[in-house]
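Report on the structure given below.
The values are calculated or read from the model by the stated rules, or taken from the named source; none is laboratory data. Since this is a predicted model, take the numbers as computed values, not measurements. Positions of Cβ are generated from backbone atoms using ideal geometry, with glycine treated the same way; all protein chains shown enter the neighbour counts.
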Amino acid sequence: MKWKTLKGKGASKKELQETQREIEGVKRQRRKTPSGDPFDREYKRLYYCRYADDFIVGIIGSKADAEAAGEEMRAFLQETLKLTIAEEKSHIRSAKEGATFVGYWIKTYTGKRIVKVKRGSQCYTAETMAERLQLHIPPGKLQRFCTDKGYGNYDTAKGIQRPRFLSLSDAEIILAFNGELRGLANYYALACNVKGEMGKLAWTWQTSLFKTLANKHKGSISQITKRMKTEDGYVLTVKGNQKTRNIRVFRLKDLKPPNATSGSLDMLPNPFPFTLSRSELIRRLNADQCEYCGTQEGPFEVHHIRRMKDVARGKQLWQQVMAARNRKTLVLCLQCHHLLHAGKLPDVEYARKQVKGEPCTVKAVRTVRREGDG
């Protein structure tokens, strides 16, 4: 502030230089003075995180403090909880060295850089944060993943084809490759510089994918990429009878890391809409009506078939009903179900109207059913 005040008042160059030297001397003196004592006996800080039967403890203090806390935890687990500790996984590490927890490599980082910081309307220079906790991909994890999946040589980033995928369709090959890399990228989305760390693996993975497709079609990689290349990456177009589907090759640039400070980051998804909601079959059972004869006199049972092609060209009317509805299940009353398995299920007018999509009342159903049974 003094330097800026003098400069604003038009001070001479010599006065400004002397003031600048005073400021630099104060900065050097401040850097020699620690802002706090991490080994203060009256102040200790401990962080605890648990996932299933694994947990990690971070201690701001000396190694002796960590060893004392470890002995207390060991005694509590063995004597109180009666649990056995995995010695090969239990250890004490320096925060700068890092430790592996639930697949992540957790370590602290100190950036010895001078950056510009704006506070209000004034700009200052300051050192970057010291001992900042970061999440990283464990060393060797990407190399092992590349080898296990058979993408090729990770060190040289040279991909190879995967022969076991040659019998699959193009869509199945791309979906299988996408699922592998997307799953790994989503798991390590919280890691520091995840896209830069996974760049070599992504290149090897993509080369392996294109070589597999090229070998399947007895062509070259350039032919495959030319056919699939679009303005927004590589896309495979699959034309169906009613709908055309585009399958996009996964890219790391499409990865959207979640907000690490979000309170909902570790919240489990809500499965109740999928587990407690009524399915179509439950709704049909709760209707209390036979889908063949229309009677509402229970009890009711469900007839199952193995494949839809078993009834696709069926001559019996119950087979035509299932084929028209495109369902592998048919809710029947007890009498109709027994007659079906006995091969004596009659063709009723109600079922014929069901196939044609025409309405039919329950009263007419019961009349036709009695006539058919008689």
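Some points to look at:
- Answer from 79, 127, 72, 87 - the residue that is surrounded by 12 or more Cβ atoms within 10 Å (Cβ to Cβ) and among the acidic types (Asp, Glu): 127
- Selection of region 119-159 for residues being among the acidic types (Asp, Glu) and either within 22 Å of residue 186 (Cα to Cα) or not assigned by TED's automatic domain parsing to the domain that holds residue 192 (or both) yields 127, 131, 148.
- Flag for residue 148 being charged (D, E, K, R) and free of Cβ contacts under 8 Å to residues at least 40 places away in the same chain: yes
- When the residues of region 216-274 are filtered to those that are among the aliphatic types (A, V, I, L, M) and assigned to a loop (DSSP other than H, G, I, E, B), the one that is modelled with the lowest pLDDT is 268.
- Residue within region 161-177 that is under 30 Å from residue 89 (Cα atoms), without any contact (Cβ under 8 Å) to a residue 60 or more places away in the chain and surrounded by fewer than 17 Cβ atoms within 10 Å (Cβ to Cβ) present: no
- The one condition in (1) free of Cβ contacts under 8 Å to residues at least 12 places away in the same chain; (2) part of a helix (DSSP H, G or I); (3) not hydrophobic (A, V, I, L, M, F, W, C) that residue 19 fails to fulfil: (1)
- Comparison of 220, 208 shows that the only residue that is surrounded by 21 or more Cβ atoms within 10 Å (Cβ to Cβ) and in contact with a helix residue (DSSP H, G or I) (Cβ under 9 Å, 6 or more places away or on another chain) is 208.
- Boolean, residue 278 is over 23 Å from the mean Cα position of the chain (by Cα), modelled with pLDDT under 80, surrounded by 10 or more Cβ atoms within 10 Å (Cβ to Cβ) and not in a loop (DSSP other than H, G, I, E, B): no
- Of note, residue 298 satisfies the criterion of being among the small types (Gly, Ala, Ser), assigned to a loop (DSSP other than H, G, I, E, B), at pLDDT below 80 and over 30 Å from residue 179 (Cβ atoms).
- Listed by position, the strands (runs of 3 or more DSSP E) inside region 38-148 whose residues that are among the polar types (S, T, N, Q) and at pLDDT below 85 number at least 1 are 122-127.
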